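**Student:** Encoded as structure tokens, here's the structure I'll be asking about.
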Amino acid sequence: MEKLRKLVNEIAYTSLSSSHKLSPLQRSVIPFLSIASSLYRLALSLRRQLYYSGIFRRRRLPVPVISVGNLTWGGNGKTPMVESIALFLADSGISPLILTRGYACGDEANMLQRHLLGTSARIGVGANRPCIDQEVELHLNSEKVGAVILDDGMQHLSLWRDLEIAMINGLMPWGNCQLVPLGPLREPLTALERADVAVVHHADLAVEQNLKDIELMIREVNESIPIFFSRMSPSYFFTAVDINLKIPLKAVCNRVVLCVSAIGFSDAFVQGVGKIGPSFVDRLDFSDHHLFQDKDYDRDPEILKHLDPFEVLVLCSQLQIISGQGNTEESLRKVFKQLLKVI
């Protein structure tokens, strides 16, 4: 399955004009992926029509709803953005309820729980979207929730949102511009029309001209949308043995580091670690939310406590808005305050 995912991923991020560079096996599966992509487009169009015509109803909650999502699969900074918004709301005296799908044994939910420990934020997990309604009812009835944040909610049309944030990978934004499974797009780029805010993630690692091209593409679809640029800012390490022991970033300087990850876009992680200053960096990449036989830190940290003589460090990073073209972090907070009427 891992090999199949890598094969499809390479196709998705190779332009159709460059498909001759793919292996014979990859070229042989393109027609099948193309048919599946066409069927997906048809189903997507039908689903949208059912919602917009009113046949399928959209539920409105008694509290503001912020949706953080994207148009492509993985690696766009959705969950870090959710964490950042939750911290802002909690600091503003508003208790947020985060609703996440709970992929792969809940690794993202566990990470959010750990990072938001001690705040008023609450986590609700529902692998199937009908479970979300149950989570909302449970938390709204039992706790004082002031806002709901949807993690990966752009395609969750059944719930009305007051603010739609579209996250975009600044290093690999649209792939071959085809819908899944032929390409990485979950929806056509025209879906940006319904977004209120666009955030180009990993902007610190992208070439300036590429960022301009991405901004131009966004403007062609949604001319007035505010566009922000973000990065992952490494904060510190902790060990698998003691999560409360904060280790400074300089601990890996001039050392040999193996970056192990199962995230949507591991290139950014590896490049970020490389900037800290190790003498050599190697990598071991798995597909997004890969189910390890011996599990990873946020599913079962015990396995990482028994890898002597190697030292296992877990990197903690936070999403940071990069100032550019007047769109600063304070500007984004003003968007929250204006659209959600946060005082």
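**Student:** Which condition from (1) farther than 15 Å from GLN178 by Cβ; (2) open to solvent by less than 100 Å² (accessible area, probe 1.4 Å) is the one that LYS6 breaks?
**Tutor:** (2)
**Student:** Quick test of your reading of the structure: SER224 fulfils all but one of (1) open to solvent by 70 Å² or more (accessible area, probe 1.4 Å); (2) within 25 Å of LEU150 (Cβ to Cβ); (3) in contact (Cβ under 8 Å) with a residue 12 or more places away in the chain. Name the failing condition by number.
**Tutor:** Going through (1) open to solvent by 70 Å² or more (accessible area, probe 1.4 Å); (2) within 25 Å of LEU150 (Cβ to Cβ); (3) in contact (Cβ under 8 Å) with a residue 12 or more places away in the chain one by one, SER224 breaks only (3).
**Student:** Could you look through the stretch 78-92, keep only residues that are among the hydroxyl-bearing types (Ser, Thr, Tyr) and at pLDDT below 95, and pick out the one that is surrounded by the fewest Cβ atoms within 10 Å (Cβ to Cβ)? Even if it seems obvious, please write down each step before you answer.
**Tutor:** Going through the stretch 78-92, the residues among the hydroxyl-bearing types (Ser, Thr, Tyr) turn out to be 79, 84, 92.
With at pLDDT below 95 added as a condition, the list becomes 79, 92.
Details: THR79: 24, SER92: 16.
Only one residue fits best here, namely SER92.
**Student:** Please pick out the residue among ASP242, ASP204 that is assigned to a loop (DSSP other than H, G, I, E, B) and either open to solvent by 80 Å² or more (accessible area, probe 1.4 Å) or acidic (Asp, Glu) (or both).
**Tutor:** The conditions single out ASP242.
**Student:** With the condition kept exactly as written, say whether any residue in the stretch 300-323 is farther than 30 Å from ASN254 by Cβ and modelled with pLDDT of 75 or more.
**Tutor:** Yes, the stretch 300-323 contains at least one residue that is farther than 30 Å from ASN254 by Cβ and modelled with pLDDT of 75 or more.
**Student:** Which members of the stretch 69-86 meet the condition of being among the β-branched types (Val, Ile, Thr) and more than 8 Å from the chain's Cα centre (by Cα)?
**Tutor:** THR72, VAL82, ILE85
**Student:** What single numbered condition from (1) in a helix (DSSP H, G or I); (2) among the small types (Gly, Ala, Ser); (3) open to solvent by 20 Å² or more (accessible area, probe 1.4 Å) fails to hold for ALA191?
**Tutor:** Among (1) in a helix (DSSP H, G or I); (2) among the small types (Gly, Ala, Ser); (3) open to solvent by 20 Å² or more (accessible area, probe 1.4 Å), the lone unmet condition for ALA191 is (3).
**Student:** Exactly one of these conditions fails for ILE55: (1) closer than 30 Å to LEU99 by Cβ; (2) part of a loop (DSSP other than H, G, I, E, B); (3) open to solvent by less than 100 Å² (accessible area, probe 1.4 Å). Give me its number.
**Tutor:** Of (1) closer than 30 Å to LEU99 by Cβ; (2) part of a loop (DSSP other than H, G, I, E, B); (3) open to solvent by less than 100 Å² (accessible area, probe 1.4 Å), only one is false for ILE55: (3).
**Student:** Could I ask something else about it? Go through the stretch 189-220 and give me each residue that's free of Cβ contacts under 8 Å to residues at least 60 places away in the same chain and within 18 Å of ARG48 (Cα to Cα). Before the answer, list the steps.
**Tutor:** If we filter the stretch 189-220 for residues that are free of Cβ contacts under 8 Å to residues at least 60 places away in the same chain, which is where we start, we get 190, 193-195, 198, 200, 206-220.
Result: THR190, GLU193, ARG194, ALA195.
**Student:** Are any of the residues in the stretch 74-85 in a helix (DSSP H, G or I) and over 24 Å from HIS201 (Cβ atoms)?
**Tutor:** No, the stretch 74-85 contains no residue that is in a helix (DSSP H, G or I) and over 24 Å from HIS201 (Cβ atoms).
**Student:** Additional query: How many of the residues making up the stretch 93-110 are within 13 Å of the chain's Cα centre (by Cα) and open to solvent by 30 Å² or more (accessible area, probe 1.4 Å)?
**Tutor:** The number of residues fulfilling the criteria is 3.
**Student:** Another question about this same structure. What number of residues within the stretch 17-32 are among the aliphatic types (A, V, I, L, M) and either surrounded by fewer than 13 Cβ atoms within 10 Å (Cβ to Cβ) or at pLDDT 95 or above (or both)?
**Tutor:** Residues in the stretch 17-32 being among the aliphatic types (A, V, I, L, M) and either surrounded by fewer than 13 Cβ atoms within 10 Å (Cβ to Cβ) or at pLDDT 95 or above (or both): 1 in total.
**Student:** Can you pull out the residues in the stretch 50-68 that are at pLDDT 95 or above and of a type outside the set (A, V, I, L, M)?
**Tutor:** Answer for the stretch 50-68, where residues must be at pLDDT 95 or above and of a type outside the set (A, V, I, L, M): just SER67.
The values are calculated or read from the model by the stated rules, or taken from the named source; none is laboratory data. Computed from a predicted model, the values in this text were never measured in an experiment. Neighbour counts run over all protein chains shown; Cβ positions are idealised from the backbone, glycine included. The accessibility values were calculated without ligands, DNA or RNA, using every heavy atom of the protein model including side chains. Shrake-Rupley method; radii C 1.70, N 1.55, O 1.52, S 1.80 Å.
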